[in-house]
1. Condition test on Phe164, is it open to solvent by less than 30 Å² (accessible area, probe 1.4 Å), at pLDDT below 80, of a type in the set (Phe, Trp, Tyr) and in contact with a Leu (Cβ under 7 Å, 6 or more places away or on another chain)?
2. Can you say whether Leu127 is under 24 Å from the mean Cα position of the chain (by Cα), at pLDDT below 90 and crowded, with 18+ Cβ neighbours inside 10 Å, as far as the supplied structure shows?
3. How about region 56-65: which of its residues are of a type outside the set (D, E, K, R) and either surrounded by 15 or more Cβ atoms within 10 Å (Cβ to Cβ) or in contact with a Phe, Trp or Tyr (Cβ under 8 Å, 6 or more places away or on another chain) (or both)?
4. Could you check region 186-210 and list, in sequence order, the residues that are open to solvent by 70 Å² or more (accessible area, probe 1.4 Å), at negative phi and modelled with pLDDT of 75 or more?
5. Can you pull out every residue in region 69-85 that is crowded, with 16+ Cβ neighbours inside 10 Å and hydrophobic (A, V, I, L, M, F, W, C)?
6. Collect the residues in region 88-114 that are among the charged types (D, E, K, R) and over 17 Å from Gly75 (Cα atoms), keeping them in residue-number order.
7. Quick test for you: out of Gly113, Gly88, pick the one residue that is open to solvent by 50 Å² or more (accessible area, probe 1.4 Å), modelled with pLDDT of 90 or more and on the phi > 0 side of the Ramachandran plot.
8. Please work out which one of (1) buried (at least 19 other Cβ atoms within 10 Å of the Cβ); (2) part of a helix (DSSP H, G or I); (3) at pLDDT 90 or above is the condition Gly107 fails and give its number.
Amino acid sequence: MGHVVDVTLLLAILLAAPSRAQAPAPHESYATAVRLVDNLFLEPETVDAQRLLRAAAQGLSNDIPWLFVAEDDDGTLRFSHGSGAPLGAAKATTIEALPAQLQQIEGLITGSGHPLPAHFDVRLALLEGLTGALDRYSRVLSGDGLSRFDTRLKGTLVGIGASFAWHNEALVVTRVDPTGPAERGGLRVGDELLRVDGRSTVNMPMSDLMDRVQ
């Protein structure tokens, strides 16, 4: 379970930019992701730059119908359109070189002029492919998945000013923030949350419960 904590959590935090204006530059995102994997992954001897780059490229080609990736004998990855038109090549021989190569691949795809799937995030697809080469526990979280993970981790339901925990199959209030919505609504520490919007909380999935309370 060490992989889940050390890699998934930190890569999730990496993608939790509060707004587009505050998001790190693409190269910084790749550098941060690779540094976290290199420093914190519990099996460092299995971290190979070329294997990670190959997995990132493969993850990208799985999501882009027109993208083809071929590998030369020396490990160079060559990208092309389904029509046969070449887009460029990339190769990473060291972990230090990996962020720049991920950035190069992103540029090849976004600058190709070919249409991408609706709402497709090239950077996210590359990072998801990269972590897929680590182990079955390591993955990148973003969007709603990241929010749910962060909420479960902290035990805090953001937006109402209260924290909850399960005790003896009951959802109990463990903290109420002063002047928050929960306090103004009369919620007190020790209260049990029995129903939300008329729905019983018994056996309610945590994700459903959090969505309804929020």
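1. Spelling it out, Phe164 is indeed open to solvent by less than 30 Å² (accessible area, probe 1.4 Å), at pLDDT below 80, of a type in the set (Phe, Trp, Tyr) and in contact with a Leu (Cβ under 7 Å, 6 or more places away or on another chain).
2. Taking the combined requirement at face value, the residue satisfies it.
3. Result: Ala56, Ala57, Gln58, Gly59, Leu60, Ser61, Ile64.
4. Arg188, Val189, Glu192, Leu194, Arg195, Arg199, Val202
5. Result: Val69, Leu77, Phe79.
6. Glu106
7. Just a single option satisfies the conditions, and that option is Gly113.
8. (1)
The values are calculated or read from the model by the stated rules, or taken from the named source; none is laboratory data. Predicted, not measured: the structure shown is a model, and the values here were computed from it. Using ideal geometry, Cβ is built from the backbone for each residue, glycine included, and neighbour counts are taken over all protein chains shown. All accessible areas refer to the heavy atoms of the entire protein, side chains included, with ligands and DNA or RNA removed. Shrake-Rupley method; radii C 1.70, N 1.55, O 1.52, S 1.80 Å.
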